[in-house]
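Read the structure below first, then the notes.
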Amino acid sequence: MSRDKTIREIDKAVRHLIDYTGPQGEWDGLLEEAQRDYYRPVAEKIGISVGELSAFFSFSPFQHMADGFIFEDYATAHWNGQQHSLIDAYLEHRGWRESPIGRRYLVALANSDLKLWEIVKTKPGAFVEVRPKGSTQKPMRVFERAASESLNVGDGLAARVIELQGKPVFTGAMLSLSPPLLARLSALHQQIATNTREMLDELLAAGEIDDPPEQIDAMIADTLEQEFPAAVFQIWAMHVYMSYRDDPEDDPEDLHWSPLEDAELSAEDSTEIHRAIQHHLHQLYRNTLDQPIPMVGDLSPRACAADPALRHRVIEWLEHLERSDRPQPGMDYDFSWIWDELKLERG
């Protein structure tokens, strides 16, 4: 099968997975819940609403990274005590509709783990060579055209690597990390593992558990699988957000925040950040009205609004932004001007 056809079949399988809500709709609404859970700690730390932070990423160059990363964790996790992940449920219920390569991709994605990778070599348009952060093992060559164009030796990635057609490839979502951010996340990984081991050792000493060492190691691995992806995303999202602040004196690397910490921003800092993001969001929204948006079929919102046959797309997009908003008093973003600008009527 040609590379282009392989990509088409995988994209089709992923689109079907995104649309799937289960035989009885048991997965309906869980993706939106996952998105709110990912964004909420960052939004609360900054002092803005979840919807406002989500909207910021929706209008930024990082939209595909953020949406893809959250979706892959959502699709591979076991939600609310369910026996199967979304991918497991989909393959059992609807897997017959996919091509063999589409099914193999989904199976590999379901069994994948998020890891931190250090880039040791690149060939733009062909491949990157990576190894786990902190490892001295032989680098692994991952075949990737698009990402290899922009990645640099020494940078990092938070990504899943699977084997497909006998070759290591990245799944559809990855977060690009600067060397300092990669180091911070590597330390966080160790911190979660250490905290979990200390807790289990205390329970073992108290006689509350009697698991052998290999089972304790498995418990630590399970804890990392459950907690680490969200923590990675939240620290990355905070870093990206702070990089967009208007003050050129601000250094996002100085904000050593982790979702495992309890430190708070001052009220003055929170107000300043909110004012800056309101201004920046307004500029982004203004510019984006005439730029293609993936959520409206890679057309501009203004073009969709002008075409009666396409107008519903931009209306659904705006309604999605407003529905996802969970404002704190005085912190919500007012989208009304966009409705007026595009001459749209609310349903």
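Of the residues ARG302, ARG3, the one with the fewest other Cβ atoms within 10 Å heads the list, and the complete ranking is ARG3, ARG302. Once you list every other residue whose beta carbon is under 14 Å from the beta carbon of LYS343, what net charge do they have if Lys and Arg are +1 and Asp and Glu are -1? Taking every Cβ under 14 Å from that of LYS343, the sum is -1.
Exposure proxy for PHE127, PHE69: other Cβ atoms within 10 Å of each Cβ, ordered fewest to most, give PHE127, PHE69.
Going down the table (LYS138/LYS167; LYS121/LYS167; LYS45/LYS115; LYS115/LYS167), which pairs top 22 Å between alpha carbons? In this structure, LYS45/LYS115 exceed 22 Å between Cα atoms. With θ taken as phi - 60° and the Karplus curve 6.51 cos²θ - 1.76 cosθ + 1.60 applied, the whole-hertz 3J(HN,Hα) list for segment 177-184 is 10, 5, x, x, 5, 4, 5, 4 Hz, x standing for glycine and proline. Full extension of the chain segment joining LEU164 with GLN226 gains 19.8 nm, where the gain is 0.36 nm per residue of separation less the Cα-Cα distance. For segment 1-154, a Kirkwood hydrodynamic radius built from all Cα pairs, placed in the Stokes-Einstein relation at 10 °C and 1.306 mPa s, yields a translational diffusion coefficient of 89 µm²/s.
Electrostatic tally near THR171: other residues with Cβ closer than 14 Å to its Cβ, Lys and Arg +1, Asp and Glu -1, net -3. Each peptide in 114-126, 141-153 gets a packing score, the mean of other Cβ atoms within 10 Å over its residues, and the list from highest to lowest is 114-126, 141-153.
In terms of surrounding Cβ atoms within a 10 Å radius of their Cβ, ASP67, ASP19 rank from fewest to most as ASP19, ASP67. Taking each residue as 0.36 nm, the span from GLU319 to VAL120 lengthens on full extension beyond its C-alpha to C-alpha distance by 67.3 nm.
Is the shape of segment 114-177 best called rounded, prolate or oblate, per the rule: a/c under 1.5 gives rounded, else a/b larger than b/c gives prolate, else oblate, with a ≥ b ≥ c the square roots of the Cα gyration tensor eigenvalues? Verdict is rounded for segment 114-177. Quick one: net charge of GLU144's neighbours, Cβ under 11 Å, K/R +1, D/E -1? So the environment of GLU144 carries a net charge of +2.
Coordinate-derived values only; no laboratory data. These figures come from a predicted structure and were not determined experimentally. Positions of Cβ are generated from backbone atoms using ideal geometry, with glycine treated the same way; all protein chains shown enter the neighbour counts.
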